1. Order these peptides, 18-26, 95-103, 194-202, by their mean beta-carbon neighbour count within 10 angstrom, highest first.
2. For the stretch 70-212, take the alpha-carbon Rg, divide it by the Kirkwood Rh, and send me Rg/Rh.
């Protein structure tokens, strides 16, 4: 089984917000709105906080520390019982059930609303879908990341860098949102260290093509 959460992080001030919140509780930015480095620097200065872009440090340092959009709820829905098929290139060629542990970068899928999952409904990316895997990463930390702050750090380390490589634009200025599927604590204790990074439209609308190289 895998663990999921339902929260989102403001793209201006990095505040952690409830999943149902339409605007940031700290700075008022509407969910899904973009912000520039200058916007975030101005907000941080006014609030007396450190420069969220890292100042003279490389831009990725700020991203690794702050960028985490917590996980949307995903799981196998009613009626999804047939195993998905893969072509010779490894890409999904026929819709059906995919074990979460078998998801690969480039897989597209649909899902329901549970907090612990073992399967999703995989589909070829030219068929309607809500989510797309852009990286599957192994975390080297020794302690289970249970807190929001720990999960933010893990997301920044594992998912933010490959997002830009996969999509073709930096996460903080992208139209798309991202999150990840994490091991459960029991899975962690059994040695599971795999985190599955996936992207989606801000309003969770359906996509009908892969976002690889979309520069969105």
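Just so you know, all these numbers are worked out from the coordinates, no wet-lab data involved. The structure presented is a predicted model; accordingly, all values stated were derived computationally and were not measured. Neighbour counts run over all protein chains shown; Cβ positions are idealised from the backbone, glycine included.
1. Descending packing order for the listed peptides: 194-202, 95-103, 18-26.
2. Rounded to two decimals, Rg over Rh is 0.95.
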